[in-house]
Amino acid sequence: MAKYKKKRARELQHDKFRDTAGKIFDRVADRLEGRGKALIYGLAGIILVVILVGVWVKWSNRKADEARRALGRAIALATAPVASASPAPGASTPVYSSEQERAQRAIEEFQKVAAKYGDPYKTEARYFIATSMLSIDRDKAMTELAEVSKANVPEAAALAKFALAQAEEADGKFDEAAKLYSELVAQNSTVVTSEIANLHLAGVYEKQGKKKEAVELLFNIVEASRKLKDTDGTPLEPSAAAREAGEKLQKLDPERYAKLTPETRGDLPF
């Protein structure tokens with residue numbers, strides 16, 4: 001009997017431990033169950049976000065490709081040849097009888113791009129609309145170029161300012177053109193570099209009778225170009241702007257041209 005009591009006590013004690021352990025495991029399970037749901041919901045949310053992002057990226061890429069194709073078609077129209085003859089049978093490129101006809105057709109196509117797509121394509125289309133409009137309504141075109149030059153799309157803004165500067169120069173408004181070219185020099189855009197802007201600024205100075213200023217700009221362009229080297233120390237080929245600056249400097253002031261750092265060329269590989 002005593003042995004039984006001791007055995008039973010041990011059994012009861014074991015049951016107590018089991019019950020206690022069971023309660024603990026139940027509480028932990030409940031907690032884990034709650035956390036598990038939260039984790040599942042969180043994971044599901046992450047998966048949903050990933051899916052949505054993937055869908056958006058795919059849609060965005062598709063829209064971007066569509067916008068680029070539309071812009072390309074409009075540019076093709078804007079650069080189509082002008083001729084009095086009818087296009088050859090089967091020709092894919094349209095032929096226009098006048099620049100005004102071509103410009104009007106291109107403007108219509110660019111307006112479709114601007115109306116349908118967001119930036120940067122909308123601002124780029126506005127830039128092309130303005131440049132195409134120069135032969136139709138010059139004042140309106142220049143107003144539009146001025147507005148686009150302040151846009152938050154750097155490349156299109158720089159190109160618009162450059163086109164506006166060229167238009168001002170062509171109209172004989174040299175002070176306005178010089179100001180715009182100077183701003184482009186300071187901006188040093190990838191599409192309108194300081195080198196290109198300085199080359200055109202030198203041209204304006206020359207037209208204004210400021211030979212000394214023009215010569216100095218041209219000299220600096222060529223001199224800087226001749227000192228450029230790659231990471232291996234090999235002299236770089238001059239850009240088209242630098243070559244043009246050199247030609248102009250040689251004609252404008254041969255003595256100043258002679259003071260340039262001599263041209264150097266890397267050894268040609270054999």
Return the subset of 150/207; 161/251; 116/150; 116/140; 58/112; 173/259 for which the Cα-Cα distance in this structure is over 25 Å, preserving the input order.
-> 150/207; 161/251; 173/259
HN-Hα couplings for region 163-178 via Karplus (6.51, -1.76, 1.60; θ = phi - 60°), in whole Hz with x for Gly/Pro, come out as 5, 5, 4, 5, 5, 4, 5, 5, 7, x, 8, 5, 5, 5, 5, 4
Largest to smallest principal axis extent of the C-alpha atoms in region 154-210, angstrom | 31, 19, 12
Going by average Cβ neighbours within 10 Å, how do the peptides 249-259, 163-173 rank, with the highest at the top?
-> 163-173, 249-259
Over all directions, region 185-243 yields a Cα convex hull whose mean projected area in nm² is 4.3 nm²
More than 21 Å apart: what percent of Cα pairs in region 127-264 qualify?
-> 47 percent
Given a 1.4 Å probe and every protein chain left where it sits, what share in percent of the accessible area of region 176-270 is carbon and sulfur?
-> 53 percent
Debye intensity ratio I(q)/I(0), log10, region 71-195, q values 0.15 Å⁻¹ (C-alpha model) | -0.72
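The values are calculated or read from the model by the stated rules, or taken from the named source; none is laboratory data. Nothing here was measured: the structure is a model prediction, and the numbers come from that model. Reconstructed Cβ throughout: ideal geometry from the backbone, glycine too, with neighbour counts over all protein chains shown. Heads up: the accessible areas ignore ligands, DNA and RNA and are worked out on the full protein's heavy atoms, side chains in. Shrake-Rupley method; radii C 1.70, N 1.55, O 1.52, S 1.80 Å.
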